[in-house]
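Data first, discussion second: the structure below is written as structure tokens.
Here, each number is a calculation from the coordinates, and none is a lab measurement. Worth saying up front: this structure is predicted, and the values here are computed from it rather than measured. Cβ: placed from backbone, ideal geometry, glycine included. Neighbour counts: every protein chain shown.
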Ligand SMILES: [Zn+2]
């Protein structure tokens, strides 16, 4: 099977115009977007995407989680489809490109194939996963998680937002609860194009990130218990200061992550301290550690060291430590053939590229468990995302979509 020629390119202007037309729906307050999942704005964005898909001759399927699957037929009725996509929902103060680039990049592939009159053996399905962001309804990557069998459908429907509204009710209200059973589709492969959301590609002047792994994580909730007492009258030797436990563990987490550079990160994000009063020695500190790595052995090593050292640190200062794992996700290694298709595409098209690890979670990380999967990344300015100031250049978007195009079309096999 011949690889697509390097002269085959997507239409970068058309892709760019579509991205900015989509951004007019659910505008933010500072040039970005507020198109949160299963809101009226999300519904409107879906209708626009559906219209574009129909204009490109695609057939739309919608599953019970509201995920949209727009299909271009292949020539072999028995061939499984190649899926491509990302998400159209945004953070409340989100950018124009996070997720949107991957969905509309997929649509641009179809439009280009139509322009060039190219048929593929495998069907190609452009996908918009529901609720990737997880801000309104936690957790993130909700629909792809149900698709991959990680969550139960009813459990997902019962997720509530800050107002107490249920995900399932809101999905129904905006009219996008489909009939199709979630996870029934079998995939030949899945490809996702996404902005990097980190600073590496821009700093190193690379056009394309070839994503080989995602990060795994462990969230450890810690409760340090001491004794509340007066900050003025309690003698220093008699204090049981939970704040010191927090301080020692904060440093320990940093030290452990630093030992595994550049393959690990670690920090304490969420902290509650009790009673949080100026003249009371803290009696209790509750906080969550977030350790991440793309290597399972590094995650295990960090946890082991933490479990060995943290209780002793607390004991030495007269406080106690209780820990509980409240989040875990093993690091996904993307499919070697799909990753090679992305790398070869970048090479063939003459784009500079680099193998990278995805720091953030993506729908592709769940789908990787049920189908051969890979991701393409393009740079973003200062590595910034989840911010209305998120920015990319038209050239970066074009390069990313070109590489996506070649990887998808090579996998879907052009029919001569
Ligand atoms: Zn995203």
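Numerical summary
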read-out: Relative contact order for the stretch 279-374, counting Cα pairs under 8 Å that sit 6 or more residues apart, in percent; value: 26
read-out: Binned Cα-Cα distance frequencies in the stretch 1-101 - 5 Å width, integer %; value: 2, 11, 18, 22, 19, 13, 8, 5, 2, 0
read-out: The stretch 316-416: Cα Rg divided by the 2.2 N^0.38 Å rule of thumb; value: 1.47
read-out: Packing-based ranking, highest mean first, of 245-254, 337-346 given that Cβ atoms within 10 Å are counted; value: 337-346, 245-254
read-out: Antiparallel %, DSSP beta bridges [both residues in the chain], to 5; value: 70
read-out: Rounded, prolate or oblate (a/c below 1.5 giving rounded, otherwise prolate when a/b exceeds b/c) for the stretch 249-343 by Cα gyration tensor; value: prolate
read-out: The chain - percent relative contact order, Cα under 8 Å, separation 6 or more; value: 24
read-out: Calculated over the stretch 167-285: convex hull of Cα atoms, volume per residue (Å³); value: 243
read-out: Packing-based ranking, highest mean first, of 14-26, 133-145 given that Cβ atoms within 10 Å are counted; value: 133-145, 14-26
read-out: Per principal axis, descending, Cα span of the stretch 233-391 in whole Å; value: 72, 36, 27
read-out: Nearest 10 degrees, 0 to 90: helix 394-412 Cα axis against the chain principal axis; value: 70
read-out: Cα-Cα separations in the stretch 111-162 greater than 12 Å, expressed as whole percent; value: 70
read-out: All-pairs Cα distance distribution in the stretch 175-236, expressed in whole percent, bin size 10 Å; value: 11, 20, 19, 19, 13, 12, 6
read-out: Separation of alpha-carbon centers, the stretch 10-40 and the stretch 50-77, rounded to whole Å; value: 20
read-out: Peptides 207-219, 368-380, 75-87, 298-310 ordered by average Cβ neighbours within 10 Å, highest first; value: 368-380, 207-219, 75-87, 298-310
read-out: Gyration tensor verdict on the stretch 85-134 (Cα atoms; rounded if a/c is under 1.5, prolate if a/b is larger than b/c, oblate otherwise); value: oblate
read-out: Anisotropy class of the stretch 104-215 from Cα gyration tensor, a/c 1.5 cut; value: oblate
read-out: Contact order relative to length of the stretch 23-81, as percent, for alpha carbon pairs under 8 angstrom and 6 or more apart; value: 17
read-out: Mean shadow area of the stretch 50-170, taken as a quarter of the surface of its Cα convex hull (nm²); value: 8.2
read-out: With eigenvalues of the C-alpha gyration tensor scaled by 5 and rooted, the chain, Å; value: 43, 23, 19
